[in-house]
Amino acid sequence: MSYEIPLPKPELLKEKPLEAPKVMEYLNSNGFNPIAVIVDNNLGKVFVYFEEPLSSSESKRLLEVVNEFYRKHVEGG
């Protein structure tokens, strides 16, 4: 199952691109176990792949965790 997460202010990714291995590591440290993570810095999207679909509460938390990573590493928050 794949999840496409659009990021706010994708123009910031041109100067501070995200790296998929770091996103994967952050997701793992927050209790997620994806099989793959792809970052498209040009479109401002993160694609996260799991073997099984997440529950609605888990998918909402996934969105929050990815955006938290974005804020910390791109926006400096």
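Coordinate-derived values only; no laboratory data. The model shown is predicted, which means the values in this text are computed figures rather than measured ones. Because the Cβ atoms are built from the backbone with ideal geometry, glycine has one as well, and the counts that use them run over all protein chains shown.
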Value of Rg to Rh for the chain (Rh from inverse mean 1/r over Cα pairs, i.e. Kirkwood): 0.94
How many angstrom lie between the C-alpha centres of the range 22-77 and the range 1-19? 10
Pairs of Cα atoms under 8 Å, at least six residues apart: use those to get the relative contact order of the range 2-75, whole percent. 42
Between the helical axis of 56-70 and the dominant principal axis of the chain, each derived from Cα atoms, what acute angle in degrees is found, rounded to the nearest 10? 20
Explain nothing, just the number: dipole magnitude of the range 2-75 about its Cα centre with +1 on each Lys and Arg Cβ and -1 on each Asp and Glu Cβ, in debye rounded to the nearest 20. 240
Using the basic label-point model (7 angstrom from Cα toward the beta carbon), what is the N33 to L54 distance in nanometres? 1.5
Loop sites only, by DSSP: take the GluC sites (Glu not before Pro) in the chain that have at most 11 other C-beta atoms within 10 Å and name the longest stretch containing none of them. 16-50
At a Cα cut-off below 18 Å, give the lysines reachable from K22, other chains included and same-chain residues fewer than 8 away excluded. K14, K45, K72
